[in-house]
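Chemist: Please see the structure below; I have some questions.
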Amino acid sequence: MKYLHLIWATLFRHKTRTFLTLVSIIMAFLLFGMLDAVRTAFDSGSKSLHGVDRLVTTSRYSIIQSLPKALQTRIAGVPGVRDVAYANWFGGMYQEPKNFVFSYAVSENYLDIYPEIQLSPAQRKAFDDTRIGAVIGEALARKYGWKVGDKIPLQSTIFPQKNGDKTWPFDIVGIFTVAKGAANGMDQLFLLHWKYFDEANAYASHAVGWYVDRLQDPQQADRVGKAIDALSANSDHETKTQTEQAFSASFAKQLGDIGLIVGAIMGAVFFTLILLTGNTMAQAVRERTSELAVMKTIGFSSASVLGMVLAESVLLLLLGGVLGLGLAAVLAPVVTKGSGGMVNLPPMGAGSWALGIGLMTLIGLVVGALPAWRAMRLNIVDALAGR
Amino acid sequence: MRKFKSFLASFGLILLLIACLVIWTRLPLAAVGVLLVLLVLWLAFTRRGRQTLSVTNVGISTLGQRIGASSVIVIGIAGVVGVLVAMLAMGDGFQATLQQTGSNDTAIVLRGGSNAELNSVLERDNLSVIAEAPGVARGPDGKPLASAEISVVANLPKKSDPTADANVQIRGVGDQAWALRPNVKIVQGRRFKPGLRELVVGQGAMRQFVGLEVGRQLRLAGQQWTVVGEFVANDSHDSELWGDTQTVAAAYRRGSSAQSVTVRLTSPKAFDTFKAALLADPRLKVDVSTTREYYTKQSERLTKVIRIVGITVGVIMAIGAVFGALNTMFAAIAARSREIATLRAIGFRGLPVVVSVLLETMLLALLGGVLGGLVTWLIFNGYTASTLGSNFSQVVFQFKVSPALLWTGIKWAMAIGFVGGLFPAVRAARLPVSTALREL
């Protein structure tokens, strides 16, 4: 620590070079911050803190096939299952097709099974009491400026009403917030009553899209899942039960291997960055050769010279990296807004920061290693003689 | 006053830079060729040009001594071009796959307001009305070339990760489907027989999912189905499994309804007649579009997102690379300052110095651009990937690294080289001769 001012001074002795290198580092970590936020958002469904005690039961053959409602009581009877809710895909859109709304028709106890959906008791009661009521996530409410009390017509891309009308009227009776650590996108949900949906839709079939089963003990997930699937084995509606995390992970995976794409881009970026900062550090040490020799002459040990050069490169990386990540945190909401919902950059989490700072230190050590080694091995006589 | 002047000069330089970049991005290939010829003529036949050439020669011949620093420019720009071209190739590949699926002389009819086949339902009595509409071509047997189709999604394990299921699209097609889509060819086995639980599998789907080889049995909707053939369509149908409409509908309890009707038109011009007839029919409430329009629309959103992301990433990386190049070139100028000052002292003017530094940087940038493009082409051209399409099922597509994209990459590389070289070049030319000579 006592050498900090010395390291700082050497770092900024060649201002232009340090500034130019810093900008490159800032850009690399700006990119890292944004892309890593995207990657974690895709993973979040499978890493959500909530939902470890939930199973999802869908049709074994296809996500679009529905299951009979009668299954609910039978699943509830499986030992280890605390309660069972169900939902159906509504496929809503608001005014035009590009305004897609994630909307589910849900059973009465759906909100009980999802404690991370936080709704005030008064609004919850209003939802229970209103047949055409709907509760929405705060992010969705903000997006369209909807308020409690608004009447919102949603069109379903799939289900017309009995009278052939595809526009369904809803009363917004509640706006919920989502607890920390919940799956990404939950605050965009639009929840309506399954009962209203089932009675009014032209293909009323008393069928549900999927069941959500809450467990008494998360450790039992495997056994309970198998027992639930056994209920419908060899029937015409065989089911597949998996943990909620596995269910959302398989969804994210179908979109494409986001992790691989992000990894490939960042690989290219960091490889270039190592080359670039490595070059800067090599230059910096080379032009200081005689100074380093003087320092060694007046008694700095070889180890402390090594340490100082390493510290200089790590400091350079940390300086640029933290600025870059900070810039990413500021820019992400701007990009999201600017693209008009086309690109949705989630805010950066603590995990991204930790990974980023780890990477900065690592790259700093890697690029500093060779110049530092050279500085340590410096022969005083040769260096002072300029050989 | 002097400070103000130099500020004004820098400001002018930046304006010039922006103007150059704007023009450069819009420049067609032919104009670039003309510029190149002009440059070569200038280099060869004017005095200044020959001076430039000799200064450039000195710079390039000493590149070997600065190999580490110079490779920062080359590798940095190769990285930018590589990532940019790969992302754009992904978008183009996806778009091309879907656009090829459609044509202007076939039309698709869906229930009104239902964007994708998966959401659409057409009742049985509507189907024959649509098939008999004016503008529909007829086969040699006099029957209209129309196929009522049903599209469902099934869960199958993927080869890349057999523990995870992915969605595959199963299309039930009518008897006329083969005549409607002449590009679909059976390459192995035979066509399915109507009425039997038989499927033919697209090549892309077969490669992607487990257990779809010809002769294999699979369970769909609780029933045993047999794969009897493999087909190649070279478009998005390659990601599908085809069976007989009625058999698929029965298995998925869809009764006698279908989801879409695809018809062959007598000519692309007949589309307007066909559409007008269907829209005027009081029995129908449908959306009519040519298949080209339909599939293009399906690829639009994703292609746009990929393009935005690709260009954003490219711009950020390019800024990083510009500063890397600036750094390298400033260092190179500093190392050669005595030599440049000597040249100025013996009568070389500023212009040859500026142009020679620019030429050197842009040559390195060109090398980087070519390298990046080449590596991307080698790795990604024809690379197969898949994503979730708008029918909620996997669409297999291939990356397409086209010459046009490679050209875009080279253009980016040259732009980065230009920006990275301009400022050091101007500094080199402005170097006060006396102080530079006294240094060292």
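The values are calculated or read from the model by the stated rules, or taken from the named source; none is laboratory data. On a predicted model such as this, the values are computed, not experimentally measured, just so you know. Cβ placement follows ideal geometry from the backbone for every residue including glycine, while neighbour counts extend to all protein chains displayed.
Chemist: Determine, yes or no, whether A:F251 is facing chain B (nearest Cβ under 10 Å) and free of Cβ contacts under 8 Å to residues at least 12 places away in the same chain.
Modeler: Against the criterion (facing chain B (nearest Cβ under 10 Å) and free of Cβ contacts under 8 Å to residues at least 12 places away in the same chain), A:F251 does not qualify.
Chemist: Follow-up question, since we're still on this one. Would you say A:A183 is surrounded by 19 or more Cβ atoms within 10 Å (Cβ to Cβ), assigned by TED's automatic domain parsing to the domain that holds A:P97 and under 29 Å from the mean Cα position of the chain (by Cα)?
Modeler: In short, yes.
Chemist: A further question follows. I'd like to check something: does the stretch A:357-369 contain any residue that is surrounded by 20 or more Cβ atoms within 10 Å (Cβ to Cβ), in the same structural domain as A:R286 (by TED's automatic domain parsing), more than 21 Å from A:T10 (Cβ to Cβ) and under 19 Å from the mean Cα position of the chain (by Cα)?
Modeler: no
Chemist: State which residue is farthest from the other protein chains (Cβ to nearest Cβ) when the search covers only the stretch A:1-34 and only residues that are among the aromatic types (F, W, Y) and more than 26 Å from B:G310 (Cβ to Cβ).
Modeler: So, considering only residues that are among the aromatic types (F, W, Y) and more than 26 Å from B:G310 (Cβ to Cβ), the one farthest from the other protein chains (Cβ to nearest Cβ) is A:Y3.
Chemist: What pairs come out if I take residues in the stretch A:204-229 that are free of Cβ contacts under 8 Å to residues at least 60 places away in the same chain and pair them with residues that are exposed (fewer than 12 other Cβ atoms within 10 Å of the Cβ) whose C-beta lies under 9 Å away, six or more apart or interchain?
Modeler: Pairs found: A:A204/A:K162.
Chemist: Looking at the stretch B:259-275, can you tell me whether even one residue there is within 14 Å of chain A (Cβ to nearest Cβ) and part of a loop (DSSP other than H, G, I, E, B)?
Modeler: yes
Chemist: Further question on the same structure: Could you check how many residues of the stretch B:244-258 are in a helix (DSSP H, G or I), surrounded by fewer than 20 Cβ atoms within 10 Å (Cβ to Cβ) and in contact (Cβ under 8 Å) with a residue 40 or more places away in the chain?
Modeler: Final tally of qualifying residues: 1.
Chemist: Right, something else. For the stretch B:154-173, indicate whether the set of residues that are over 29 Å from B:I108 (Cα atoms), among the hydrophobic types (A, V, I, L, M, F, W, C) and either buried (at least 18 other Cβ atoms within 10 Å of the Cβ) or touching a helix residue (DSSP H, G or I) at 6+ places or on another chain (Cβ under 7 Å) (or both) is non-empty.
Modeler: Taking every residue of the stretch B:154-173 in turn, at least one turns out to be over 29 Å from B:I108 (Cα atoms), among the hydrophobic types (A, V, I, L, M, F, W, C) and either buried (at least 18 other Cβ atoms within 10 Å of the Cβ) or touching a helix residue (DSSP H, G or I) at 6+ places or on another chain (Cβ under 7 Å) (or both).
Chemist: Take the residues of the stretch B:306-317 that are facing chain A (nearest Cβ under 9 Å), within 10 Å of B:V80 (Cα to Cα) and touching a residue at least 40 places away in the same chain (Cβ under 8 Å): which is surrounded by the most Cβ atoms within 10 Å (Cβ to Cβ)?
Modeler: Looking at residues that are facing chain A (nearest Cβ under 9 Å), within 10 Å of B:V80 (Cα to Cα) and touching a residue at least 40 places away in the same chain (Cβ under 8 Å), I get B:M317.
Chemist: Is it true that B:L278 is assigned to a helix (DSSP H, G or I), touching a Gly at 6+ places or on another chain (Cβ under 8 Å) and buried (at least 20 other Cβ atoms within 10 Å of the Cβ)?
Modeler: no
Chemist: Collect the residues in the stretch A:121-170 that are touching a helix residue (DSSP H, G or I) at 6+ places or on another chain (Cβ under 6 Å) and among the hydroxyl-bearing types (S, T, Y), keeping them in residue-number order.
Modeler: A:T157 - this is the single residue of the stretch A:121-170 that is touching a helix residue (DSSP H, G or I) at 6+ places or on another chain (Cβ under 6 Å) and among the hydroxyl-bearing types (S, T, Y).
Chemist: Which helices (runs of 4 or more DSSP H) does the stretch A:233-299 wholly contain that include 3 or more residues that are within 30 Å of A:D382 (Cβ to Cβ)?
Modeler: Result: A:258-287, A:289-297.
Chemist: Next question. Give the residue, chosen from B:V22, B:V34, that is modelled with pLDDT of 90 or more and outside the structural domain of B:T408 (by TED's automatic domain parsing).
Modeler: B:V34
Chemist: If we keep just the residues of the stretch A:226-247 that are under 19 Å from A:L67 (Cα atoms) and touching a helix residue (DSSP H, G or I) at 6+ places or on another chain (Cβ under 6 Å), which is farthest from the other protein chains (Cβ to nearest Cβ)?
Modeler: Restricting to residues being under 19 Å from A:L67 (Cα atoms) and touching a helix residue (DSSP H, G or I) at 6+ places or on another chain (Cβ under 6 Å), the top hit is A:I228.
Chemist: Turning to a different aspect of this structure: Please tell me if A:A227 is at pLDDT 90 or above, surrounded by fewer than 19 Cβ atoms within 10 Å (Cβ to Cβ) and among the hydrophobic types (A, V, I, L, M, F, W, C).
Modeler: yes
Chemist: While we're on this one: Using beta carbons and a limit of 6 Å, which pairs, at least six apart or on different chains, have the first residue in the stretch A:263-283 and within 15 Å of B:A318 (Cα to Cα) and within 7 Å of another protein chain (Cβ to nearest Cβ) and the second one β-branched (V, I, T) and part of a helix (DSSP H, G or I)?
Modeler: A:I265/B:V83; A:A268/B:V83; A:T272/B:I75; A:L276/B:V72
Chemist: May I pose another question? Quick one: count up the residues across the stretch B:372-393 that are within 12 Å of chain A (Cβ to nearest Cβ) and buried (at least 17 other Cβ atoms within 10 Å of the Cβ).
Modeler: Here the count works out to 12.
Chemist: Something else now. Enumerate the pairs (first residue in the stretch B:67-79 and charged (D, E, K, R); second residue anywhere and modelled with pLDDT under 90 and not in a helix (DSSP H, G or I)) with beta-carbon separation below 9 Å, excluding pairs fewer than 6 apart on the same chain, so at least 6 apart or on different chains.
Modeler: The qualifying pairs do not exist here.
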